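Read the structure below first, then the notes.
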Amino acid sequence: MDLAFTEDQSALRDTLRTFFEKESSTAAVRAAEPLGFDAALWRKVVDLGLAAIAVPEHLGGGGAGFVELAIAAECLGQPLAPVPLIEAAVANDLIASALRNRWRVYLHKLSNIE
């Protein structure tokens with residue numbers, strides 16, 4: 001069994017590492033401590049499509065899987081990025097599975113959260 005990342009997964013990992021190193025500096029994490037959440041960073045994470053990365057494409061998501069979500073989790077965990085990615089991604093996948101056709105409306109509402 002080959003457990004190595006695919007080229008796409010390796011590229012995702014490299015891209016997200018660079019993104020989170022830049023966007024989640026020590027100063028940014030400390031500034032978010034009172035709430036434990038950085039709304040500006042969360043907006044960027046949502047704009048990248050990470051909140052719906054594991055939702056099937058035909059339901060409006062990223063079409064990736066849980067391996068890609070795990071890669072994102074590793075990349076945001078290293079700098080302690082103050083965003084609820086895992087919670088949102090799992091909730092989005094569950095909601096997408098339950099709602100099917102109504103998922104696109106929910107995804108649009110999620111992307112407009114301030």
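Here, each number is a calculation from the coordinates, and none is a lab measurement. In this text, all values refer to a predicted model and were calculated from it rather than measured experimentally. Glycine gets a Cβ as well: all are built from the backbone with ideal geometry, and neighbour counts include every protein chain shown.
Contour minus end-to-end for residue 13 and residue 1, with contour as 0.36 nm per residue of separation and end-to-end as the Cα-Cα distance? Don't skip to the answer; put the middle values down first.
Working: separation 12, 0.36 × 12 = 4.32 nm, distance 2.12 nm.
Stretched fully, the residue 13-residue 1 segment lengthens by 2.2 nm.
About its Cα centre, how strong a charge dipole does the chain have in debye, to the nearest 20, once Lys and Arg get +1 and Asp and Glu get -1 at the Cβ?
The dipole of the chain has a size of about 440 debye.
When the C-alpha atoms of region 1-96 are aligned to their principal axes, what extent does each axis show, in angstrom, from largest down?
Result for region 1-96: principal-axis Cα extents of 41, 30, 20 Å.
If you take the charge dipole of the chain about its Cα centre, with +1 on Lys and Arg Cβ and -1 on Asp and Glu Cβ, which of 75, 96, 16 is farthest toward its positive end?
96
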